[in-house]
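The values are calculated or read from the model by the stated rules, or taken from the named source; none is laboratory data. For clarity, every value in this text was computed on a predicted model and none was experimentally measured. For neighbour counting, all protein chains shown are included, and Cβ atoms are generated from backbone atoms with ideal geometry for every residue, glycine included. Only protein heavy atoms, including side chains, enter the accessible area calculation; ligands, DNA and RNA are left aside. Shrake-Rupley method; radii C 1.70, N 1.55, O 1.52, S 1.80 Å.
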Amino acid sequence: MQYEMGEYDIIVVGAGHAGCEAGLAAARMGKRTLVLSMQLEAIALMACNPSIGGTGKGHLVREIDALGGQMGLAIDSSVIQSKMLNSSKGPAVQSLRTQADKPTYQMAMKQALERQKNLDLKQGEVSGLIGEVFPSSGEPSEMSNYGIRVTGVILTTGASYRAKAVVLATGTFLRSRIFIGENNFSSGPNGLAPALELTDCLQEWGLKMRRFKTGTPARIAGRSLNYDKMIEQPGDSRIVPFSFMNEELEKKQVSCWLTYTNETTHQVIRDNLQRSALFGGQIEGVGPRYCPSIEDKVHRFADKEKHQIFIEPEGLNTDEKYIQGMSTSLPEDVQVQFYQTIAGLENAEIVRPAYAIEYDCIDPLDLKLNLEHQKIAGLFCAGQINGSSGYEEAAAQGLMAGANAVLAIEGKEPFVLDRSEAYIGVLIDDLVTKGTDEPYRIMTSRAEYRLSLRQDNADLRLTEKAWEIGLISEERRHKFLKRREQTETERLRLENTMLKPDQINPFLAALEEAPVHTKISLAGLLKRAAVTYENLASIDPDRPDLSVHVIKTVEVDIKYQGYIEKQEQQIRRFKKLEERKIPEEIDYTNLSGLRIEAQQKLQHIRPASIGQASRISGVSPADINVLLVHLEQRRRQKNG
Ligand SMILES: Cc1cc2nc3c(=O)[nH]c(=O)nc-3n(C[C@H](O)[C@H](O)[C@H](O)COP(=O)(O)OP(=O)(O)OC[C@H]3O[C@@H](n4cnc5c(N)ncnc54)[C@H](O)[C@@H]3O)c2cc1C
């Protein structure tokens, strides 16, 4: 029995990291939005590690914030430890990583949804989609010329809601199964209910579903740990905010702890490999290469004597500890055995066993760069369902899918960020152009233009674009304009403030730097390796009081000016190919000169530009030339 319950502009299925950002983006752009989640307690659940950020992921969080998203604000309100990773390395790979108080993070996200104008949050499981067939192009008699448009959702309760667009952000819940040793059972993460019905409907609608898996370590009672046998890992003395809306964060920080596996740990694991769901062959899903289980590590890196283990707090008001680096699908009795071989865990008490989870996801090659499905108008997908892994990756896709669902129903140009503009652009282009055969996680090494895509300048790259499509508030725009102006003013001040050698050389001598013999600007001095914006203060007393965000950008822009200018030249060349658009209706099967493999790949992925086409595996430079010639012929015919 079905019954209509209401109509919205946008419906978001799932309130995980992707769903929250999608719903907020659509509502903030003024659309009536419904966010549905199977359990309101599971909003923005951090099902795995209690941290936000890290290499590449920290960049995504800053970009989400610069685009008016919520993740940066939520983590700033729940941070219990902050560390700048790779601080001794170049600015392109420096990444903020923070530990979160999980319940506080979830609450902050739930409050943001509940307080958001135009947004309704409801509990309910979506079991199916509602849609209509509409004529796309060519002869009405040809079925292939008909498309499908999604027009709403049905819930397991029989309730249905209509909408002009739907965003699927179902994460690790679709037909999810938990694996612990020889046993497996139908369940979502943390013992939550799985979504058992939606996959069938998606398959009926022609979506190709795949099986992926991921795993999480046990949670151990802190009182059962012996920290004397571990190495304390405190946070940085100063917490750097993730959100550009925050200047300073005064918060009590807690430590993580470092310990290692040893040969005894490895032997216990080797002796029981066959009881691992992964090695025992029970699991068919493909797991993440960059988050391997401990049995995978012991097996693959047999020569390694020890593996690092970090003990991370799950929160301030819980004694549960997350054992980073020890996810496994070995049975519980073996888990107790090998955890207790580790220094400091000799009396470890497991409060939640480690497990692997298998779930359904789609093939992201079936999506366009705006995350809309190629064949189903109005259906957008975001997060783990697209084959990615990680809170940050999910949130970034959610924001983009939510914004693009709005632009699509308004008939406006899609909002697409390319690889030279944002890590979000790299993430989405990798997924929808190259695809992925395992859970995809972002890394700085995936970004060609990473010196330009630093976490400190995310707002300078993106906030104005977000303003143009209505994603950000006046308050954030105002703050951004002030920050941009301060950054420019300070850069000019440093470039135009000239000092004489006698004013500088004692300072340089103290840094064991070579003296200068002529006047030099403060910016000129800052280019020296040993000179920092901070230590320059001793010879620059009249400087303005600026935020960490402004100082960081000014310092990097000046120090790496030459490299940045070189990269900007590369980006100009890259953009030339990105701007060579390919008409949507092109039929590659009729393009003689293209190799069969290229025809098939291009016909499936339907790239938006020559640049995107050139990144498709199996499309050669010769194929690209054929395409360029064809486009030129079309242009001439059109211009007669
Ligand atoms: C066991 C485990 C281990 C993990 N390990 C790692 C790791 O090591 N590294 C890493 O980077 N990431 C890891 N993750 C992944 C990380 O949790 C996810 O990447 C992230 O949560 C994905 O966010 P999402 O929004 O796509 O989905 P989720 O956070 O899973 O949220 C999905 C939401 O959709 C809702 N939902 C689903 N189906 C329906 C439906 N039919 N109707 C209504 N609501 C629905 C759910 O209730 C939930 O609110 C792990 C996750 C799990 C579960």
Met46: passes all of (1) open to solvent by 10 Å² or more (accessible area, probe 1.4 Å); (2) under 24 Å from Gln123 (Cα atoms); (3) of a type in the set (A, V, I, L, M) but (1)
Every listed condition ((1) modelled with pLDDT of 95 or more; (2) open to solvent by 10 Å² or more (accessible area, probe 1.4 Å); (3) more than 15 Å from the ligand (Cβ to nearest atom)) holds for Gln39 save (3)
Checklist (1) within 16 Å of the ligand (Cβ to nearest atom); (2) assigned to a loop (DSSP other than H, G, I, E, B); (3) of a type in the set (A, V, I, L, M, F, W, C) applied to Ala92, failing item: (1)
Give the stretch 86-125 a look and list any residue that's more than 20 Å from Tyr391 (Cβ to Cβ), touching a residue at least 24 places away in the same chain (Cβ under 8 Å) and charged (D, E, K, R), or say none. Lys117, Asp120, Lys122, Glu125
Matching residues, the stretch 611-627, being aliphatic (A, V, I, L, M) and over 17 Å from Asp587 (Cβ atoms): Ala622, Ile624
Residue in the stretch 364-376 that is farthest from Gly58 (Cα to Cα), counting only those that are among the hydrophobic types (A, V, I, L, M, F, W, C) and open to solvent by less than 20 Å² (accessible area, probe 1.4 Å): Ile376
Neighbours by Cβ (under 7 Å, 6+ apart or cross-chain): first from the stretch 621-640, under 13 Å from Ile610 (Cβ atoms) and assigned by TED's automatic domain parsing to the domain that holds Asp587; second in a helix (DSSP H, G or I) and open to solvent by less than 50 Å² (accessible area, probe 1.4 Å): Asp623/Ala598; Ile624/Ile610; Ile624/Ala613; Leu627/Ile610; Leu627/Ala613; Leu628/Ile610
Which of (1) exposed (fewer than 12 other Cβ atoms within 10 Å of the Cβ); (2) at pLDDT below 95; (3) in a helix (DSSP H, G or I) does Ser617 not meet, given it meets every other one? (3)
Odd one out for Leu73, checked against (1) buried (at least 24 other Cβ atoms within 10 Å of the Cβ); (2) in a helix (DSSP H, G or I); (3) more than 11 Å from the ligand (Cβ to nearest atom); (4) not charged (D, E, K, R): (1)
Among the residues that make up the stretch 541-549, is at least one of them open to solvent by 40 Å² or more (accessible area, probe 1.4 Å) and under 26 Å from the mean Cα position of the chain (by Cα)? no
Of all residues in the stretch 193-207 being away from the ligand (no atom under 13 Å from the Cβ) and surrounded by 15 or more Cβ atoms within 10 Å (Cβ to Cβ), the one that is farthest from His604 (Cα to Cα): Trp205
Determine whether Ala22 is within 13 Å of the ligand (Cβ to nearest atom), small (Gly, Ala, Ser) and surrounded by fewer than 23 Cβ atoms within 10 Å (Cβ to Cβ). no
Residues that are in contact with a Ser or Thr (Cβ under 7 Å, 6 or more places away or on another chain) and under 24 Å from Ser87 (Cα atoms): does the stretch 515-526 have at least one? yes
If Gln308 meets every condition in (1) among the polar types (S, T, N, Q); (2) within 16 Å of the ligand (Cβ to nearest atom); (3) open to solvent by less than 70 Å² (accessible area, probe 1.4 Å) apart from one, which number is that one? (3)
Of the conditions (1) modelled with pLDDT of 95 or more; (2) open to solvent by 10 Å² or more (accessible area, probe 1.4 Å), Glu63 clears all except one; give me its number. (2)
Those residues of the stretch 180-192 which are farther than 22 Å from Ser37 by Cα, assigned to a strand (DSSP E or B) and either open to solvent by less than 60 Å² (accessible area, probe 1.4 Å) or assigned by TED's automatic domain parsing to the domain that holds Val334 (or both) amount to Ile180, Asn184
Given the residues Arg210, Arg223, which is the only one that is open to solvent by 20 Å² or more (accessible area, probe 1.4 Å), assigned to a strand (DSSP E or B) and of a type outside the set (Phe, Trp, Tyr)? Arg210
Matching entry among Ala395, Ala377, Ala401 (being out of contact with any Asp or Glu (no Cβ under 9 Å at 6 or more places or on another chain), small (Gly, Ala, Ser) and assigned by TED's automatic domain parsing to the domain that holds Asn183): Ala377
Restricting attention to the stretch 384-416, and to residues there that are open to solvent by less than 10 Å² (accessible area, probe 1.4 Å) and polar (S, T, N, Q), which single residue is farthest from the ligand (Cβ to nearest atom)? Asn404
Extreme residue, most open to solvent (accessible area, probe 1.4 Å), among residues of the stretch 333-359 that are within 15 Å of Phe185 (Cα to Cα) and not in a loop (DSSP other than H, G, I, E, B): Tyr355
Which condition from (1) assigned to a loop (DSSP other than H, G, I, E, B); (2) at pLDDT below 95; (3) over 27 Å from Cys361 (Cβ atoms) is the one that Glu284 breaks? (3)
Determine, yes or no, whether Ala15 is within 15 Å of the ligand (Cβ to nearest atom), over 15 Å from the mean Cα position of the chain (by Cα) and either under 27 Å from Pro194 (Cβ atoms) or open to solvent by 10 Å² or more (accessible area, probe 1.4 Å) (or both). yes
Among (1) within 14 Å of the ligand (Cβ to nearest atom); (2) at negative phi, which single condition is Asn190 missing? (2)
Select, from Thr463, Thr433, Thr487, the only residue that is under 25 Å from the mean Cα position of the chain (by Cα), crowded, with 18+ Cβ neighbours inside 10 Å and within 24 Å of Gln569 (Cβ to Cβ). Thr433
